[in-house]
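Okay, structure first, notes after.
The values are calculated or read from the model by the stated rules, or taken from the named source; none is laboratory data. Computed from a predicted structure; not experimentally measured. Note that we place each Cβ from the backbone using ideal geometry, even for glycine, and neighbour counts take in every protein chain shown.
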Amino acid sequence: MTVDVVSIVIPNYNYERYVRDAITSALGQTHRNVEIVVVDDGSTDGSVATIRTMPAFADGAFRLLVQANAGVARARNAGAAISAGSFLVFLDADDVLEPTYVERCLGALRSAPPSVAYAYTQMQRFGAETSLFASRPFDAAALIRSNFVPVSAMIRRRAFEDVGAFNPRLGHEDHELWVRMLAHGYQGVFVPEPLLRYRRHPGPSRNTLSPAQLVRMRFDMAIRHPTLYWRELVASPRHALLAAARMLRAGRAGSGARGAARREAS
């Protein structure tokens, strides 16, 4: 781990049209001690060729990891695993950082105690919609109810590794990560400037869930973090039991797949 180096991990899947903008914004940070790792998650468009034709790639200004499609959570974790910085930023390939993003987030974390694990800024939507995302100063009770922290928050690597990185089996894995950090005693700090640009595409948001899916996700998180959600578990035991059953089935499925892989390897 390299002190004060910020690793920007950019997971990409079929965003050939946008990934150059994301990489360029990472390269253009006013804080120069930045490492950039692009993880192509099995794209079927021309993403990899587009990335490799960038002059900055030929100059060694960023690294490219190409893997079979495994989902965005695993792509983020893979990029983090091969990076070296003591701080991590996960930038989606269709989003853009303002030039002072790293500088301002790093300053906020440097002036905060180690229990403050991540810094996040206001988020400016652009593309199909132009508006400010309704973020807010850190509030633990509010974070349990809904997510107001963008996935591109700057995270202390030590805290990220302490809680176990992104869980690839869950929807809204970023919200679950912040809640898991809260359960470990970590908090966040808000930088009230619109320094992250979040691209909105026509049609439903990539994060849109139905009311039923939201309830399911909430109780799945509650089962994982009962000390934070105990009131909801007591109030809705049926949903809690269903969530526990889903977790048990997922655990059995994962154990079976691992066992099959071991038998195939042997």
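Observations
- Taking first residues from the stretch 126-150 that are of a type in the set (D, E, K, R) and partners that are assigned to a helix (DSSP H, G or I), the Cβ contacts under 8 Å between residues at least 6 apart in sequence or on separate chains come to R136/A142.
- Evaluation of F166 against (1) modelled with pLDDT under 80; (2) surrounded by 19 or more Cβ atoms within 10 Å (Cβ to Cβ); (3) outside any helix (DSSP H, G or I); (4) of a type outside the set (G, A, S) (one fails), failing number: (1)
- Scanning the stretch 140-161 for residues that are under 16 Å from A112 (Cβ atoms), among the small types (G, A, S) and under 12 Å from the mean Cα position of the chain (by Cα) gives a single hit, A153.
- Condition met for A70 (within 16 Å of the chain's Cα centre (by Cα), over 22 Å from Q29 (Cβ atoms) and not aromatic (F, W, Y)): yes
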